[in-house]
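Just below is one structure, and these are the notes that go with it.
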Amino acid sequence: MSVIISEPDDDRVPPEIVASVFYSATVSDNLALVVAEVVAGRARINWCNVGAIDLLGYGLDDLRALPVDQLFPSLGGGELRLLLRRERAARMTLPVRTASGATVEAVVTTTPSPSGRMWTIRILSTTNEQERALRATADAHERRFSTLTERSPVPTLLSEQGMRLSHVNDAFCSLVGRRAEQLLGTGWMDTVHAEDLDTVIEQVSDALEGQEVETQVRLTREDGSVRTTVIRFAHLFTPGVGAGFVGTIEDITDRLAFEATLAHQANHDPLTGLPNRTLLARYVADRFVPGTGGLACLFLDLDNFKVVNDSLGHTAGDELLTEVAARLGAVVRPGDLVARFGGDEFLVVCEHVDQAAAVALAERISAELARPVRLGGVDVRPYASVGVTVQTDEHTDAEELIRDCDIAMYQAKAGGKGRITVLDQRAREQARDKLRLVAELRDAIERGDITLLYQPIFSTRDGRPVAVESLARWTHAERGPISPAVFVPLAEESGLIAGLGLLVLDETCRQLAEWDRLMGDGAPPRANVNVSALQLDANLPAQVAEALQRHGLHSSRISIEITESALMKDPDSARLVLFQLREQGVELAIDDFGTGYSSLAYLRHLPVNCLKVDRSFVAELAHGHTEIASAVIALARSLNLSTVAEGVETPEQAAELTRLGATYLQGFSLSQPMTGSGTAAWFATRGEPTR
C-alpha cells in the first residue's frame, strides 16, 4: 500500500491516521482513501493515498485541508452529518467532485476512528452504466432498510449469515452503550451475560433453522450495568449468502423492577416492611405437611396499644410498631419468619421446634419487647399477649394452625396482659364450635329461620295492652333453642347483625300489616324493635322508611329501642340518626336505661319518647330496694318522657311500679312472648279496639 503524507518533510504517519485507516478496513492503491478531521467546526481532509489523488485529480497541496463538503456537492449540511457519524459507519452512493469540476459516481463509505475525532473515507468509483444501475438499486434498498431500522426506537440486529451481524441500529447501540463497529460480526455476543450465552446460541440456532423464537436475556452494557431484555429471533434467508436472522430487543428492566415493587407492596406491610398476612399464609401453607410436627406459630398482640395511639398520637403508634418489628427481627432465630398480621398483631413462624422451644422463644420475645421505648418524650414499655401453637396430627391445614394460634393469643389476653399461653384442647373446641355456630347463624338468617315472638306492653293507667316488643328467636335443628344472649352478640362479632336487624325490622312490619288485615282496629297499635349499636348509622333511617313503605304502615306504628351504651359509643352521630328517625314520625326508646353512663345533660337533648327501666332495677324491688327504679321514673317524668318497666315477674312488682309512676309494664307475670298468630288470638280475646 502506497501512502502519501500531508507533511512531505515528515516521513512518519501520525498515529491517529494509522489507527483510523487500520480500524476501518484493508485497503489497496486501487481504492481512493482519505482521512478527514473536524477543524474549527468544519470537516477537512488531512491525509490521502495515491488512489485518491489518481481518482480526484488534485495535487497533494490542493487536497490538503480541502473541506469535505466540496467533495460531495449534492449533500446538504444535515446529509453530511449523516455521512460523518461519530457512533457508526455510514455508506452512500454519491457524485464526487474532481479537480476539473466534473463529478464521478462513487460508493462512499465513512468509518469513525475509535477516538471519534477522525473519519476514514473510502471512495469506490462505479465504472459502467450497468454497474451504476445495479448499485443504485442496491443503494436504494439499503437506504430504505437503514431508514426503517436505524431510526426505529426498537433495538434491532441483522445477520445475513450465521451468528455474525451485518447490521445493528442506533437503538441497540444505545441500549448496550457501544458503537456499531464493536457489535458487528460476533462482537454483539460480548454483550450477552455469561450465564445467558448458551441460551442465546441455542435460540439463534433454532432461528437459523427457520423457527421464530424468543428468550429473556441479560445484556451487559459497557459501563458494567445489566439490562434485562426479551430478544425475538426470526429467520432471514439471503439468496447467494445463506441463512441469517433478524433480532428485535425489548428492554424489560424497568417493567420488571416495577412489577417487583408491586409484588413487594402486595406482600409486605408498608409501615414495618414485614411480610403481611397474604405472604404469611403462603409461607405457612408451603411448609405445612399434614400429619407431621415441628412447625410452630407465635401470635402476639400488643397490650394497651390503643392507649399509646390515643394519648401520644398515631405517629407515636407507628413508631412503636416499627420498633416492635425491629426487635422481633433481632430476637428470633435465623430462618424464622416475622409477619405483621394487622393492626397491633404480629406473628412469628418457626420450623423444627417443639412446644418447649416455642415457649422459650416467646419468653425471649416478651423480655425483648418489654424494654422501654422513648415515644413523644415518654418511656413506654410495650408488653404483649402471646399465643403459642405447635402443629399436631389434628391440624389439617395451615389456616387451622394460624387460627389456633389466634385462639391461644385471646386466651392469653383474657387471662391477663403480658401473658404467654399455649392453646389447650378445650379452648380449641370452644373456638371451633363458635365458628360452626357463626356459619349456621349466617345460614339461618339467609333462609329466614330466625323467628319472632311478641310480648305485650301494658298501660298502668287502665291495664290495656298498648304495644308489643319483637323478640328474635332461633331454634337450631340440632342444638334446639339458642338464647338471644348467645346469638345476638355472636351476630355483632361476626358482622351478621345488619342482616339480622333488617330481618327483624321487615318481619315486624309484615306482621303488623297482617294483623291489621285480620283484626282491623283490634290489632296491636305499635311494635317495638331493638336496634344494635352496629346498626345505628346513617343507613338506619332509610331502612326503617323502606320497611314501613313496603308494608304500607304509618311511621307511628314502629318504636325503635336503642341501648344507652349504644348511644354513647358515638354520641354525635347517634343524635343525628335519632333526629332523622323522629322527623319520620318513628318513636324512640332508650333500652336498659341506668346501666350505661350517659349524662343527664346529653339525655335532655335526645329526641326520645321513652325510657325503659332495666329489669335488674325491677328485680331489686323484691328486696325492698326502690331507689334506682324510683329515680329513673322520676327523671323520665321531669323530662316529659314515658317509662316502660321490663322484667315484671310478680303482681307485687307490678303494683309497686304503678305506685312509683311507671307509664307501662312488661314481663312474664303479665304475658308470655307469643307467636304472631298467638298474639292475634290473644288480642282478639281482649274484645276491645286498641286504636
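In the set ALA485, ALA538, ALA545, only one residue is more than 23 Å from GLU646 (Cα to Cα) and assigned to a helix (DSSP H, G or I); that residue is ALA545. Considering only residues in segment 419-447 that are in contact with a helix residue (DSSP H, G or I) (Cβ under 7 Å, 6 or more places away or on another chain) and outside any helix (DSSP H, G or I), the one that is farthest from ALA358 (Cα to Cα) turns out to be ARG419. Checking each residue in segment 142-165 for being touching a strand residue (DSSP E or B) at 6+ places or on another chain (Cβ under 8 Å) and at pLDDT 85 or above picks out VAL154, PRO155, THR156, LEU157, LEU158, SER159, GLY162, ARG164, LEU165. Flag: GLY76 does not match the condition of being exposed (fewer than 15 other Cβ atoms within 10 Å of the Cβ) and in contact with a helix residue (DSSP H, G or I) (Cβ under 8 Å, 6 or more places away or on another chain). Restricting attention to segment 28-83 and to residues that are among the aromatic types (Phe, Trp, Tyr) and touching a residue at least 40 places away in the same chain (Cβ under 8 Å), the residue that is farthest from ILE121 (Cα to Cα) turns out to be TYR58. Every condition in (1) in a helix (DSSP H, G or I); (2) modelled with pLDDT of 90 or more; (3) not aliphatic (A, V, I, L, M) is met by ARG178 except one, and the failing one is (1). Only a single item in (1) at pLDDT below 90; (2) surrounded by 18 or more Cβ atoms within 10 Å (Cβ to Cβ); (3) over 20 Å from ASP206 (Cβ atoms) is not met by LEU236, and it is number (3). Of ARG255, ARG282, all but one fail to be closer than 30 Å to ASP344 by Cα and without any contact (Cβ under 8 Å) to a residue 24 or more places away in the chain; the exception is ARG282. Looking at (1) touching a helix residue (DSSP H, G or I) at 6+ places or on another chain (Cβ under 9 Å); (2) of a type outside the set (A, V, I, L, M, F, W, C); (3) part of a strand (DSSP E or B), which is the only condition THR248 fails? So THR248 meets the others, but not (1). The one condition from (1) assigned to a loop (DSSP other than H, G, I, E, B); (2) within 36 Å of the chain's Cα centre (by Cα) that SER573 does not meet is (1). Restricted to helices (runs of 4 or more DSSP H) entirely inside segment 7-116, those with at least 2 residues that are within 60 Å of the chain's Cα centre (by Cα), modelled with pLDDT under 80 and within 29 Å of CYS173 (Cα to Cα) are 15-24, 77-83. Evaluation of ALA491 against the conditions (1) in contact with a strand residue (DSSP E or B) (Cβ under 9 Å, 6 or more places away or on another chain); (2) part of a helix (DSSP H, G or I) shows that the sole unmet condition is (1). With respect to ALA90, is the statement that it is closer than 18 Å to GLU37 by Cβ, free of Cβ contacts under 8 Å to residues at least 24 places away in the same chain and assigned by TED's automatic domain parsing to the domain that holds ILE53 true? Criteria met by ALA90. Step by step: first the residues of segment 643-657, then only those that are surrounded by 18 or more Cβ atoms within 10 Å (Cβ to Cβ) and not in a loop (DSSP other than H, G, I, E, B), then the one that is farthest from the chain's Cα centre (by Cα). Which residue is that? If we take residues in segment 643-657 being surrounded by 18 or more Cβ atoms within 10 Å (Cβ to Cβ) and not in a loop (DSSP other than H, G, I, E, B), then GLU656 is farthest from the chain's Cα centre (by Cα). The residues of segment 396-412 include none that are more than 29 Å from the chain's Cα centre (by Cα) and under 16 Å from HIS352 (Cα atoms). The criterion of being within 19 Å of LEU175 (Cα to Cα) and assigned to a strand (DSSP E or B) does not hold for ARG255. Note on segment 342-357: residues that are under 32 Å from the mean Cα position of the chain (by Cα) and under 24 Å from PHE288 (Cα atoms) total 8. Of all the residues in segment 405-459, those that are touching a strand residue (DSSP E or B) at 6+ places or on another chain (Cβ under 9 Å), within 21 Å of LEU503 (Cβ to Cβ) and among the acidic types (Asp, Glu) number 2.
For segment 613-636, a residue qualifies if it is within 19 Å of SER559 (Cβ to Cβ) and part of a helix (DSSP H, G or I), and the qualifying residues are ARG615, VAL632, ILE633, ALA636. Within segment 202-213, is there a residue that is within 27 Å of the chain's Cα centre (by Cα), not aromatic (Phe, Trp, Tyr) and not assigned by TED's automatic domain parsing to the domain that holds LEU361? No, that holds for no residue. Listed here are the strands (runs of 3 or more DSSP E) enclosed by segment 307-414 that have at least 2 residues being touching a Leu at 6+ places or on another chain (Cβ under 7 Å) and at pLDDT 90 or above: 337-342, 345-350, 384-390. Consider LEU337 carefully, then state whether it is under 22 Å from ASP269 (Cβ atoms), in contact with an Asp or Glu (Cβ under 7 Å, 6 or more places away or on another chain), surrounded by fewer than 21 Cβ atoms within 10 Å (Cβ to Cβ) and not small (Gly, Ala, Ser). In short, no. Here ILE482 qualifies as within 30 Å of ASN530 (Cα to Cα) and touching a strand residue (DSSP E or B) at 6+ places or on another chain (Cβ under 6 Å).
Whenever a residue of segment 320-334 is free of Cβ contacts under 8 Å to residues at least 40 places away in the same chain and in the same structural domain as ASP310 (by TED's automatic domain parsing), its partners that are among the aliphatic types (A, V, I, L, M) and in a helix (DSSP H, G or I), lying with C-beta atoms within less than 6 angstrom and at least six residues away or across chains, give the pairs VAL331/ILE365. Picking from residues in segment 214-233 that are loosely packed, with under 14 Cβ neighbours inside 10 Å and under 16 Å from SER174 (Cβ atoms), the one that is farthest from the chain's Cα centre (by Cα) is GLU222.
The values are calculated or read from the model by the stated rules, or taken from the named source; none is laboratory data. Just so it is clear, the structure is predicted and the values come from calculations on it, not from any experiment. FYI the Cβ positions are ideal-geometry reconstructions off the backbone, even for glycines, and counts take in every protein chain you see.
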